[in-house]
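Only one structure is covered here, and it is reproduced in the block below.
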Amino acid sequence: MTDKIEIIDHDSWAYNLPKTRTAGKITIGDIPGGLPFSGVRNPLTTSRTSQKVALTYRTAANNFVPKVGAAESLAEAAVAHEALSSGKFYDVEFQPVRFQYEHPAEGMHWHTIDLRLTLRNGLACVVFMRNATSLSKPQTIAEIAAIRQAAPRAEAHKFIVIDADGYNRARRDNLRRIHHFACFEPGPQADALVEVAAYDLKTLWRVSDLFNVIDLPNGQIMKSCLRLIARGALKANMNAVIAANSRLWRAAK
């Protein structure tokens, strides 16, 4: 082997690994047929405390052309998946606005909004996310109040605080799959058949109960169930991974 090995000077008595430069931000290049990430801040960096997420999504604001989104955490991405699959929102924006606010203890700071959700009637909501432990701390409560006060009024109508702990691993996985099938693999004809069967079947208990009464592949029925859950036509326990043996029930009318 002729490759040279780089030797990093390090005190032989220091047992910890030597400090190295942190990895730079991950930049997603151009995607043919897709729109680039347009946030004011790129959150795609290495982290010991959170998992960063890049995803593609479609909204009416972008004429349903796939666009790249980037989220600070899995919970933040899950909130976006939930909004996108509901069909209620005109636009979902990642890291859309950055502004200064006066931190209660540390002077002026910069804050970037995690998400902005815009309803079809034009009502825009900005989202602030933290876990329950952080949200319960007096310093966080004071910080949120300062951020809310400084948020530019022209950028949104409402300021929403969301507990990230409400999105456990199973719920996040369900929302990711629901978003994909609702927005990227629509099946209106199959959905109509599954919805009618679900409401007619008196013995409906599990997703698999539909497999023997509908002339469709089981996988296609499963996808329809997820799309119908997104629309609110069917219900399931979102805190457990939704599969063939999952409890399924009709939405109250």
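The values are calculated or read from the model by the stated rules, or taken from the named source; none is laboratory data. Just so we're clear, the structure is a prediction, and the values are computed from it rather than from any experiment. Note that each Cβ is placed from the backbone with ideal geometry, even for glycine, and that neighbours are counted across all protein chains shown. Areas reflect the complete protein model, heavy atoms only, side chains present, ligands, DNA and RNA absent. Shrake-Rupley method; radii C 1.70, N 1.55, O 1.52, S 1.80 Å.
Structural remarks
- Put a dot 7 Å past the Cα of Thr203, heading toward its Cβ, do the same for Ala145, and the two dots end up 6.0 nm apart.
- Cα-based shape type of the range 158-220, given that a ≥ b ≥ c are square roots of the gyration tensor eigenvalues and the cut on a/c is 1.5: prolate
- What a 1.4 Å probe finds exposed on the chain is 52% carbon and sulfur by accessible area, rounded to a whole percent.
- Karplus 3J(HN,Hα) series, Hz, for the range 55-69 with 6.51 cos²θ - 1.76 cosθ + 1.60 (x for Gly, Pro): 8, 10, 8, 10, 9, 4, 4, 10, 6, 6, 7, x, 9, 7, x
- Beyond 20 Å, the tail of the calculated P(r) for the range 127-253 holds 55 percent of the Cα pairs.
- Checking every one of the trypsin sites (Lys or Arg not before Pro) in the range 91-174 against DSSP loop status and a limit of 14 other Cβ atoms within 10 Å picks out Arg120.
- Under-5 Å amide H pairs with Leu248, H placed in peptide plane, nonlocal only: Arg206, Val207
- Which listed pairs, of Lys158/Lys235; Lys158/Lys223; Lys88/Lys223; Lys88/Lys137, have C-alpha distances above 25 Å, in listed order: Lys158/Lys235; Lys158/Lys223; Lys88/Lys137
- Radius ratio Rg over Rh of the range 82-200, counting only Cα atoms, Kirkwood formula for Rh: 1.09
- Site pair Asn239 and Leu123 shows an inter-label distance of 2.7 nm when each label is modelled 7 Å from Cα along Cα→Cβ.
- Estimated at the nearest 10 Å², the accessible area of Ile113 is 0 Å² with a 1.4 Å probe.
- For the chain, the longest piece that avoids every one of the GluC sites (Glu not before Pro) found in DSSP loops with at most 10 other C-beta atoms within 10 Å covers 107-253.
- Accessible-area rank, largest first, for Lys88, Lys52, Lys235: Lys88, Lys235, Lys52, with all protein chains present and a 1.4 angstrom probe.
- Two-decimal Rg/Rh across the range 59-118, once Rg and the Kirkwood Rh are taken from alpha-carbon atoms: 1.08
- Using a probe of 1.4 angstrom and keeping all protein chains present, the accessible surface of the range 110-233 works out to 53 square angstrom per residue.
- Unit charges on C-beta of K, R, D, E only; dipole of the chain, Debye: 640
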